[in-house]
1. Within 10 Å of each Cβ in peptide C:144-152, how many partner chain Cβ atoms are there on average? Round it to a whole number, please.
2. How large is Rg over Rh for chain C, taking Rg from the Cα atoms and Rh as the Kirkwood inverse mean of 1/r across Cα pairs?
3. When you have a sec, figure out the Kirkwood radius of region B:1-115 from all distinct Cα pair distances and drop it here in Å to one decimal?
4. Roughly what would the spin-label model give for residue A:64 and residue C:67, points 7 Å off Cα along C-beta, in nm?
5. At 15 Å minimum axial length over the Cα atoms and a Kyte-Doolittle cut of 0.5, report the qualifying DSSP H helices in chain C, or say none.
6. Dipole magnitude of region A:51-179 about its Cα centre, charges +1 at Lys/Arg Cβ and -1 at Asp/Glu Cβ only, in debye to the nearest 20?
7. Treat the count of other C-beta atoms within 10 Å as a stand-in for reagent exposure and order D:166, D:14 from fewest to most.
8. Within 10 Å of each Cβ of D:127-140, how many other protein chain Cβ atoms are there on average?
4 protein chains.
Amino acid sequence: MRADARHNRARVLEAAEVVLARDGLSASIRAIARHAGVGLGTIYRHFPTQEALYQAVIIERAQRLVAEADALTVADDPGRAFFEFFTRIVENSTRNKTLADILTRAGLDPKAGTADISRDMRDAVERLLVRAQEAGAVREDLRMPELLALLGAACMAAERNQWDDELRTRTLTIVFDGLRPTGRHPASLLPPDFGSAP
Amino acid sequence: MRADARHNRARVLEAAEVVLARDGLSASIRAIARHAGVGLGTIYRHFPTQEALYQAVIIERAQRLVAEADALTVADDPGRAFFEFFTRIVENSTRNKTLADILTRAGLDPKAGTADISRDMRDAVERLLVRAQEAGAVREDLRMPELLALLGAACMAAERNQWDDELRTRTLTIVFDGLRPTGRHPASLLPPDFGSAP
Amino acid sequence: MRADARHNRARVLEAAEVVLARDGLSASIRAIARHAGVGLGTIYRHFPTQEALYQAVIIERAQRLVAEADALTVADDPGRAFFEFFTRIVENSTRNKTLADILTRAGLDPKAGTADISRDMRDAVERLLVRAQEAGAVREDLRMPELLALLGAACMAAERNQWDDELRTRTLTIVFDGLRPTGRHPASLLPPDFGSAP
Amino acid sequence: MRADARHNRARVLEAAEVVLARDGLSASIRAIARHAGVGLGTIYRHFPTQEALYQAVIIERAQRLVAEADALTVADDPGRAFFEFFTRIVENSTRNKTLADILTRAGLDPKAGTADISRDMRDAVERLLVRAQEAGAVREDLRMPELLALLGAACMAAERNQWDDELRTRTLTIVFDGLRPTGRHPASLLPPDFGSAP
DNA sequence: AATGAATGAGGGTTCATTCAT
DNA sequence: GATGAATGAACCCTCATTCAT
């Protein structure tokens, strides 16, 4: 591919990511073209269809996530890796309205072809989960469907309602406590001196 | 307002509720008019704008939710009331694509006027929460923002991904375990004989 | 239907006929709207699709042709009626680029539903043909497929090349001579004093 | 012109001919470039405009037709040559969507410059005609305008409606009977045993 | 000279909103 | 007051043509 074409393709993807993050899936191709500073035709040269472009954005994003998950898979502390991954994804969702979609898809079609990015995502998350469970950091009875459901739900909400740092922390604390093995609730939502508990 | 006008307004609202529940916010005004058996103009007589109509539907729906919450507030078992409310809303979300929006709004603008329905919603949920906390069924350090965030997130995901009964149960089990006071995990996601824990 | 709607529908059809006659099937909906002095939506209110509008124009035109054919069917001189019909259609084609289409269709799907206008057209032409054959004005061995082929061909060419009166007369003279029973060539293409015949 | 440029020009023309034959005048420049295995720019280097390229194709095709006509002009039987030429062209029209256009043009501008291909075409056909008339195979009063009109009409219809062998034979029988001198109708459209004529 | 990437006018179509009936 | 016909901006997409590589 020619240098300028590659450049423009990247510009389009970038713009699409920004505009999708801002407008959600109702973003218009024209808005993306405007944002990217290219003509309409340029977009259609690289992506045959609106659907294809949006898919590409999602796939790109997903690939980065998978890479991140893989990087964390080899981390020292499996539990920490698992929760950190969860946190990072949700954190990113505030800025990127496509993550929920990715996770939604990952949770949706478990029989998708092996080459599928949804499958990759599922697998990457599953590796993190299994390791965390083996390390005793996550309850044994947790299965992928509800994990993806939780991840997707958190992303959707964070994306839509623009969770700030505090809200994200507090909300995930609850979820994480639910994910830990019974009996262990190391974190409290209260500041140390809140002191209303008996 | 004339009797027939009042009647028509009700018909429109009813139809809008059904159609919005089915199609979500992408529902078209025309679809609602058709469903209501009235002309387009009739809708615009009562609601100046699509936005206004959808707001009205959401407000109406929210009022019913508030009523439901209030009914549960006087129930015998405050903990059970709290979790039942949570469950019911999420369950309904599969069929009604309005609920996530309502909760989203409730969580969003905490400084809205006192007369606002979001405020009512917040208050109703808060009453359920406080009673459940007083009864020791919900952790003390839980605050409204994260509760509404969790509720909204679950509704959004259930609506979008059409959670089935099993997925909903399993996912909410996690969340509820996170909501309970430390140390208490009465529910397990595993069938009794799963037995893989050491 | 409301009076103004009926009026506008007629205006659209009229404009479509004019524009189609001028631009052929590549006419744009926008051009028709402009010509009719109505908005785009008005056209789509009456005709769900470009295809539907063009069909409607063709059907309307065809219905008029069928009526004309029927009127001629009861004429005194069946042979004259037959040739007059042929002539008139071709004559009209100069101004109307839809006729060839109509006849094309009539020739194409002989098994179309009974209620179809193509069928009506076929039948009307066939009645004219049979009467002319019974009167000995048209050769016995002529069948519908080639008759429609000839009619369609003449219309297409007249429409496309804008046959003037003289060209039409001379060309149809040839065709008509081919249509008459063997041995009868009453017409000559030459002016009386051309005098090259033996 | 450089050798490779000349080569490419030929390739483009060839491809254009194939694609135009297949798709008619609605063929896209891109399709031709693809078929020729050259870039879009190459086409535009040799032909300033889509229109110009299509003209060139038509001229080339016409030249071959003229050659064919010329070959037949020296044939033994002038009448047979004339009718064979007519038949062949119509036959080809089913597969080649260019022919109708060529004949249309030939019939259209009788005052075009002498060097014009339309003129050549006209002349070639006229030679066939005159010889056939001199041989007594075609009526004396037939002139070029109506002959070209008939040829063009038949091609157009054959192209558009994809005349099969039988329909073409039957239709041309009529036309040819009209073209023959008065009193001679050697061919019948009926099978020998049809026997309904007196 | 050749390539194909970029452009943008223009095509069909939808839908919130206005307004004559 | 009710109706739904009319409007036109905006949407997705195609394709002839231009121009940087």
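The numbers here are math on the coordinates, done by the rules we state, and not lab data. Being a predicted model, the structure only gives us computed values, none of them experimental. Virtual Cβ from ideal backbone geometry, glycine too; neighbours counted across all protein chains shown.
1. Neighbouring Cβ atoms belonging to other protein chains average 6 per residue here.
2. Radius of gyration over Kirkwood radius for chain C works out to 1.05.
3. Mean inverse Cα-Cα distance, inverted, gives 15.5 Å.
4. My value for the distance between the label points is 6.7 nm.
5. Flagged H segments are C:144-161.
6. Around 220 debye, computed over region A:51-179.
7. Fewest-to-most ranking of D:166, D:14: D:166, D:14.
8. Mean partner shielding for this stretch: 1.
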